[in-house]
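Contents: one structure, followed by commentary.
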Amino acid sequence: MDLDIQVTRLHPDAVIPTYSHPGDAGADISSVEDVEIAPGQRYAVSTGLAMALPIGYVALLHPRSGLALKSGIGMVNAPGTIDAGYRGEIKVLLINHDREKSFTICKGDRIAQMVIQKVESANFSLVDSLDETTRGNGGFGSTGVTARSES
């Protein structure tokens, strides 16, 4: 079953999100402005779009792998989260990770992918202790990395 999402153009050149191929998870999101992003610079790129997500859904903005690989362009807050109650313009927070070259985004360029997902709400309750698990408190780097001693 497809989900109907209302989208409005805040800019006459805004491009409605589209899927490149049947079955794709991410719909392409495009820029409505020309902008040059210098090495190390962050920029909130305008899409000229706003939308009304149904309650119980979220839109997650993900970086485009081609931009990352070819040009070092990523997203500062990947994934970007658009909550169901938000009605403002969708902007994509890009960063240029290239150390030497600026990158130019042109109006109409695809700059991110948007994935729509169902959301579960949770009730959080304070307890005195948590149940024991095999993993315990093993966190960052606790699996799959062999410790190396420095000589």
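The values are calculated or read from the model by the stated rules, or taken from the named source; none is laboratory data. Predicted model, so just to flag it, every value in this text is computed and none were measured. Note that we place each Cβ from the backbone using ideal geometry, even for glycine, and neighbour counts take in every protein chain shown. Areas reflect the complete protein model, heavy atoms only, side chains present, ligands, DNA and RNA absent. Shrake-Rupley method; radii C 1.70, N 1.55, O 1.52, S 1.80 Å.
Just a yes or no: is a residue in the stretch 96-104 closer than 26 Å to PRO22 by Cα and either modelled with pLDDT of 95 or more or part of a loop (DSSP other than H, G, I, E, B) (or both)? Scanning the stretch 96-104 turns up no residue that is closer than 26 Å to PRO22 by Cα and either modelled with pLDDT of 95 or more or part of a loop (DSSP other than H, G, I, E, B) (or both).
For beta carbons closer than 9 Å, sequence separation of 6+ or different chains, a first residue in the stretch 48-66 that is among the charged types (D, E, K, R) and a second that is in a loop (DSSP other than H, G, I, E, B), the qualifying pairs are ARG64/GLY26.
Screening GLY74 with (1) within 20 Å of ALA27 (Cβ to Cβ); (2) open to solvent by 20 Å² or more (accessible area, probe 1.4 Å); (3) touching a helix residue (DSSP H, G or I) at 6+ places or on another chain (Cβ under 9 Å) gives one miss only, at (2). Restricting VAL32, VAL45, VAL7 to those that are closer than 30 Å to GLU100 by Cβ, in contact with a strand residue (DSSP E or B) (Cβ under 7 Å, 6 or more places away or on another chain) and outside any loop (DSSP other than H, G, I, E, B) reduces the list to VAL45.
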